[in-house]
1. Taking the options Thr243, Thr237, name whichever one is among the hydroxyl-bearing types (Ser, Thr, Tyr) and surrounded by 14 or more Cβ atoms within 10 Å (Cβ to Cβ).
2. Within segment 642-658, restricting attention to residues that are of a type outside the set (S, T, N, Q) and in contact with a Ser or Thr (Cβ under 7 Å, 6 or more places away or on another chain), which residue is surrounded by the most Cβ atoms within 10 Å (Cβ to Cβ)?
3. Looking only at segment 265-284, which residues are in a helix (DSSP H, G or I) and buried (at least 20 other Cβ atoms within 10 Å of the Cβ)?
4. Taking segment 573-592 as the search range and keeping residues that are surrounded by 15 or more Cβ atoms within 10 Å (Cβ to Cβ) and farther than 27 Å from Pro527 by Cβ, which one is modelled with the lowest pLDDT?
5. Quick check on Asp96: is it assigned to a loop (DSSP other than H, G, I, E, B) and under 21 Å from the mean Cα position of the chain (by Cα)?
6. State yes or no: is Asp622 touching a residue at least 24 places away in the same chain (Cβ under 8 Å), charged (D, E, K, R) and in contact with a helix residue (DSSP H, G or I) (Cβ under 6 Å, 6 or more places away or on another chain)?
7. Within segment 547-572, take every residue that is surrounded by fewer than 19 Cβ atoms within 10 Å (Cβ to Cβ) and not charged (D, E, K, R) and give me the one that is nearest to Pro477 (Cα to Cα).
8. For Pro442, which of the numbered conditions (1) touching a Pro at 6+ places or on another chain (Cβ under 6 Å); (2) on the phi > 0 side of the Ramachandran plot; (3) not polar (S, T, N, Q) fails to hold?
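The values are calculated or read from the model by the stated rules, or taken from the named source; none is laboratory data. What you see is a predicted model, and the numbers here were worked out from it, not measured in a lab. Note: ideal-geometry Cβ built from the backbone for every residue, glycine included; neighbour counts use all protein chains shown.
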Amino acid sequence: MGGLLEQRYRVDAVLTRGGMSTVYRGRDTRLDRDVAVKVMDPRLAADPAFVARFEREARAAAQLHHPAVVSVHDQGVDGDQVYLVMELVDGGNLRDLLKQRGKLAPAVALSILGPALSALGVAHRAGLFHGDVKPENVLIGPNGQIKVTDFGVAGAVAENGVTADSESFGTVAYMSPEQVETGAADARSDVYSAGIVLYEMLAGHAPYRGDDPISVASQHVNSDVPSIPEIPLALDTLVRKATRRDPGLRPVNADAFLAELERVGAELGLTPQPVPVPGTVPENDRTVVMRPIPVAVGATPPSAAATGVVTPSAAEATRPVVPKPPVHAAMTTVTTGPPTPPPGIAGTRTMERPEPPRRRPPQNRPRKPKVDPAEEERKRKKKLMIIGGSVVGALAVIVGLYAWLIGADRYTTVPAVVGESEQNAMRLVQTADLTPLIDKVPSDEVPTGQVIRTEPGPDTELRKNESVRIVVSRGRPVVPFVNVGVEVEAATKEIEASGLKAVTDATKDAFHDTVPIGKVVALDPRPGTALKIDSPVTLVLSKGPSPRTPVPDVNGKTKVEAFAELQRAGIEPVEADGNDAAENDQSRVVRTDPPAGTVLEGTGAKRVTVFFQNTREVEVPDVARKKVREAKEQLERAGFKVKVEFNKSGNATVVNQSIPPRTKVPRGTEITIVGL
């Protein structure tokens, strides 16, 4: 403590300790500023591979510039000390706030996670992931400002081969399944950890708890995150989507997660809230300090009702009580007889009457000169005029000074908030005694959640409490979700409100048995796709029911492509269940039921079940002693290719199969059966 690193950074008090490092309050003696110094554990510093990776990660993290990212000032090695110099954030972290208040209100939780995801989004766009998102790394500074720290450190620690032990138990609680199983991590791993943090803020505890890190890690791999009771369904669904065990089913990065978070918040009417700073006491938790009532020694304290004393206000309770000085009464006593002695005092003492003062002989006093009454009246009027003029002048000065003070305090200036997050911008505008009005617009360049401009601009002088329009980016426009069968006008308004352009194309119109002609059947590109501003979105209109509908050949196409083509043909696609279900939107179709080319007649609902080829291994069924026809159907249903040898008649009996029953092989494997 008090030593210098590289003859520059003074190391002072410990701020926090972790399994891999210790953070100190420090001082940059060269630039004369307070900093935070993170010193890595000596066992890490002893590994040259870790030091090299740490330096690379620190340089990458130093390139991140965002209001919610803790700035990295420097990194270095001094002897056996590997350290990182960062911006010092006074306040606390999210862990401190959760310990103090337990679970948080949804609006507060979203106000914390929003800036954190915005910071992670900057890293993801730069090709850098965090790898250790947890409440300890989400700092809450003065005025509730959110900042994320430790970018790049987790990646260096992971590559060094340090395993999760009892010291890193807190980190294990937020690790993604892929980090637990293989140690691999990317932007989707940060999304998972951020989802776990959101769960803890809303539920008051992490979803997985156990006696040791191994049991907690196992639950990440083998269990789905449970639902959170007593929160809106849309918010609970978002938490479970962000924490899916399959990375392909999560939002692809922090920007995508933030967009969905804002969408859910808008649907639920959750407006940004001030973030409590850890250690502060809520207004409704403060205790009024009672001021003691001075009472004479030995006397009984009077009651409030008897004395008229009421409970003082918080300001009065802290005001010092000044005792009143005793009042001494002057008494004159004339004794005409022996006085009665006071109790407890022996003897008596007679008070003597004082002698009257002697009168002085009269003296000749000079007579006052006579005063002219008119002159006396003139002097009196002159004196009154001087006093009146002085009073009027003083009043004029007081009124003018008061008017100047009132006028000077009526105006303020618009602060510069361009580039700030929505939450920080609102706080700065409110601090300037102005009323913020949020207006979210699409932008191709400005990241989601950042301020594009204010109206009026910065440094404009306004009256206090006037409104300032804060224009915030909602990122690139996203194709909206519209209901099937909606009118063209309604769909067009939805698309244009998103910053896109609605168009029609007769070649893309499709038959549909239930949607009337001219109504919207689908959108192309599909809902949820991010596009540039004013990009065209085609309205796929219904051509009415098709009398004869052949099933199109969609084998080998992805789920998205196959479903779109079937819908354009007026067919309702249904995903197969069980092992034939799609793993994700990119799963390939292996067959349909009815198969391709089958003509579906009638005007009723036309449904086709779609079967997918998955990479998962499946168990080979036992088809021995079954008819060749039955065996072939069962194997194909399970996703295998079938080859028949010797007797290929459908009524022949299977006597052998090339892969033994109950063997697990990849879906799509060819199995040869022998008929007899």
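1. One residue alone meets the criteria, Thr243.
2. Applying the filter and picking the extreme gives Lys643.
3. If the condition is that a residue be in a helix (DSSP H, G or I) and buried (at least 20 other Cβ atoms within 10 Å of the Cβ), then Gly265 is the only one that fits.
4. Per the criteria, the residue is Asn579.
5. Spelling it out, it is not the case that Asp96 is assigned to a loop (DSSP other than H, G, I, E, B) and under 21 Å from the mean Cα position of the chain (by Cα).
6. Spelling it out, it is not the case that Asp622 is touching a residue at least 24 places away in the same chain (Cβ under 8 Å), charged (D, E, K, R) and in contact with a helix residue (DSSP H, G or I) (Cβ under 6 Å, 6 or more places away or on another chain).
7. Val560
8. So the condition that Pro442 fails would be (2).
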